[in-house]
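First comes the structure, then the notes that go with it.
The values are calculated or read from the model by the stated rules, or taken from the named source; none is laboratory data. Every value quoted in this text rests on a predicted model; they were computed, and no experiment measured them. With ideal geometry, Cβ positions are generated from the backbone for all residues, glycine too; neighbour counts draw on all protein chains shown. Side chains included, ligands, DNA and RNA excluded: accessible areas come from the protein's heavy atoms. Shrake-Rupley method; radii C 1.70, N 1.55, O 1.52, S 1.80 Å.
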Amino acid sequence: MEKKNIDWENLGFGYIKTDYRYVSDYKNGAWDEGGLTEDDNVVINECAGVLQYAQTVFEGLKAYTTEDGRIVTFRPDLNAERMVQSAERLEMPVFPADRFVDAVTQTVKANAAYVPPYGSGATLYIRPYMFGSNPVIGVKPADEYQFRVFTTPVGPYFKGGVKPLTIRVSDFDRAAPHGTGHIKAGLNYAMSLHAIVDAHKNGYDENMYLDAATRKKVEETGGANFLFVTKDNTVVTPKSNSILPSITRRSLIHVAEAYLGLKVEEREVYLDEVEEFAECGLCGTAAVISPVGKIVDHGKEIFLPSGMNEMGPVTKKLYDTLTGIQMGRIEAPEGWIHVIE
């Protein structure tokens, strides 16, 4: 299979149309058999449920070329499981987990020519999503839905190497205590857009959101979970019912314990203890781990001892180990690597 003529080394993190995408429709209480199409346009009614009441959920994962030349994805079963949970919360029909993995497999295989070669630093980003498609004018769930998967080749999330971020403690709330913060719904990301644009205008890379109830506990950013490292090398991640259960974070926790022999704590993390940590990172699909060098709390600057120039030593070990597993350089736990071809 010949690869597309793309400058893989200089890809940005943006959308590039690929040849095929997967589509399945839900009507009359059942999903159709679904299949691949070359048509990248979505045609829906002006009164579609997704346009009126934001009834949409999505996922994000990547396909890689491993060191031995295989095309693989990383733990797609967990993305399928999370989309089931998201759909249930928004009163949407569940797209079966096994069909989710199959749809991802079909789409990646059909676009294999767009999967970047090993060593290029680029990957094939995969975006499964579902939305209410029929006209809905009263406030209620839609009756018809569409599930789709598209792919796009992307470069490293941070061009020119990973540099520690400067983030601020936000005055905005990301999610209510009993809201939708724990699912991957489009509406969660829409409400974060103003906060991130405002952060960028003021010279910050990201926002640190606190719990909406007490505004004393660390939750997450607009699109990534926090991971902290204590001065005695204990890995700590915030625990909350309104945090999205990041697949990357869960994988890093296992790597910390099983591969690096580190102690791990999943617990409530209070803002006033953040200055005691040695390292801080943001973890998610796009960048795996993005190190944080400075946190600004309304004028008070908290510097992480790892500095502003590079990842801290524990964060770097976590990053290298997980990416090594994803790329086939390190043996993966059973079931983590799904081979496409």
| Tell me, which strands (runs of 3 or more DSSP E) wholly within region 259-339 include 2 or more residues that are closer than 17 Å to T248 by Cα and out of contact with any His (no Cβ under 7 Å at 6 or more places or on another chain)? | 264-267, 279-284, 288-297, 337-339
| query | Being in a helix (DSSP H, G or I), in contact with a Pro (Cβ under 8 Å, 6 or more places away or on another chain) and farther than 30 Å from I137 by Cβ, is that true of even one residue in region 5-13? | reply | yes
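Out of the residues in region 97-148 meeting the condition of being among the aromatic types (F, W, Y) and not in a strand (DSSP E or B), tell me which one is most open to solvent (accessible area, probe 1.4 Å).
First, pick out the residues of region 97-148 that are among the aromatic types (F, W, Y): 100, 114, 118, 125, 129, 131, 145, 147.
If we keep only those that are not in a strand (DSSP E or B) as well, we get 100, 114, 118.
Working: F100: 1, Y114: 23, Y118: 84 Å².
The extreme case among them is Y118.
Would you confirm whether or not region 69-92 contains a residue that is among the hydrophobic types (A, V, I, L, M, F, W, C), more than 23 Å from G324 (Cβ to Cβ) and out of contact with any Pro (no Cβ under 9 Å at 6 or more places or on another chain)? Spell out the reasoning first.
The first filter runs over region 69-92 and keeps only residues among the hydrophobic types (A, V, I, L, M, F, W, C), leaving 71-72, 74, 78, 80, 83-84, 87, 90, 92.
Next cut, more than 23 Å from G324 (Cβ to Cβ) only: 80, 83-84, 87, 90, 92.
Among the residues that remain, those that are also out of contact with any Pro (no Cβ under 9 Å at 6 or more places or on another chain) are: none.
No, every residue in region 69-92 fails to be among the hydrophobic types (A, V, I, L, M, F, W, C), more than 23 Å from G324 (Cβ to Cβ) and out of contact with any Pro (no Cβ under 9 Å at 6 or more places or on another chain).
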| Residue check for A195: of a type in the set (G, A, S), farther than 25 Å from N309 by Cα and modelled with pLDDT of 95 or more | yes
| Is there a residue being open to solvent by less than 20 Å² (accessible area, probe 1.4 Å) and within 22 Å of the chain's Cα centre (by Cα) anywhere in region 264-275? | yes
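Could we say that R174 is assigned to a strand (DSSP E or B) and open to solvent by 10 Å² or more (accessible area, probe 1.4 Å) here?
Details: assigned to a strand (DSSP E or B): no; open to solvent by 10 Å² or more (accessible area, probe 1.4 Å): yes.
It is false that R174 is assigned to a strand (DSSP E or B) and open to solvent by 10 Å² or more (accessible area, probe 1.4 Å).
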| Which residues, taken from region 283-317, are buried (at least 17 other Cβ atoms within 10 Å of the Cβ) and either within 22 Å of D68 (Cα to Cα) or of a type in the set (S, T, N, Q) (or both)? | T285, V288, S290, S306, T315
| note | Pairs returned, first residue in region 275-300 that is of a type in the set (D, E), second residue that is part of a loop (DSSP other than H, G, I, E, B), beta-carbon separation under 7 angstrom, 6 or more apart or interchain, are E279/L304; E279/S306; E279/G312
| message | Looking only at region 177-186, how many residues end up being modelled with pLDDT of 95 or more and open to solvent by 30 Å² or more (accessible area, probe 1.4 Å)? | response | 1
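Applying the selection to region 8-50, what residues are of a type in the set (D, E), more than 20 Å from V101 (Cβ to Cβ) and at pLDDT 95 or above?
Here is the first cut: in region 8-50, the ones of a type in the set (D, E) are 9, 19, 25, 32-33, 38-40, 46.
Within this subset, residues satisfying the condition of being more than 20 Å from V101 (Cβ to Cβ) are 9, 19, 38-40, 46.
Of everything in region 8-50, those that are of a type in the set (D, E), more than 20 Å from V101 (Cβ to Cβ) and at pLDDT 95 or above turn out to be D19, E38, D39, D40, E46.
Within region 213-230, which residues are of a type in the set (V, I, T) and not in a strand (DSSP E or B)?
T214, T221, T230
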| Among the listed residues D232, D272, which satisfies the condition of being among the acidic types (D, E) and in contact (Cβ under 8 Å) with a residue 40 or more places away in the chain? | D272
| In region 47-86, how many are over 19 Å from S251 (Cα atoms) and touching a strand residue (DSSP E or B) at 6+ places or on another chain (Cβ under 8 Å)? | 14
| task | Select from region 219-233 the residues that are open to solvent by less than 10 Å² (accessible area, probe 1.4 Å) and of a type in the set (S, T, N, Q) and list them in ascending order. | result | T221, N225
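So which residues in region 12-31 are more than 21 Å from the chain's Cα centre (by Cα) and surrounded by 12 or more Cβ atoms within 10 Å (Cβ to Cβ)? Working first, answer last.
Filtering region 12-31 down to residues more than 21 Å from the chain's Cα centre (by Cα) leaves 19-20, 23-31.
Within region 12-31, D19, Y20, V23, S24, D25, Y26, K27, W31 qualify.
So, L51, is that one aliphatic (A, V, I, L, M), farther than 21 Å from P156 by Cβ and free of Cβ contacts under 8 Å to residues at least 24 places away in the same chain or not? Outline the logic, then answer.
Working: aliphatic (A, V, I, L, M): yes; farther than 21 Å from P156 by Cβ: yes; free of Cβ contacts under 8 Å to residues at least 24 places away in the same chain: yes.
Judged against the criteria, L51 is a match.
Given the condition of a type in the set (A, V, I, L, M, F, W, C), in contact (Cβ under 8 Å) with a residue 60 or more places away in the chain and part of a loop (DSSP other than H, G, I, E, B), answer yes or no: does some residue in region 54-64 qualify?
Residues of region 54-64 of a type in the set (A, V, I, L, M, F, W, C): 54, 57-58, 61, 63.
From what is left, the residues that are in contact (Cβ under 8 Å) with a residue 60 or more places away in the chain are 54, 57-58, 61, 63.
Cutting the leftovers down to part of a loop (DSSP other than H, G, I, E, B) gives us 54.
Yes, region 54-64 contains a residue that is of a type in the set (A, V, I, L, M, F, W, C), in contact (Cβ under 8 Å) with a residue 60 or more places away in the chain and part of a loop (DSSP other than H, G, I, E, B).
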| note | Apart from one, (1) touching an Asp or Glu at 6+ places or on another chain (Cβ under 9 Å); (2) over 20 Å from T37 (Cβ atoms); (3) among the small types (G, A, S) all hold for G60; the odd one out is (1)
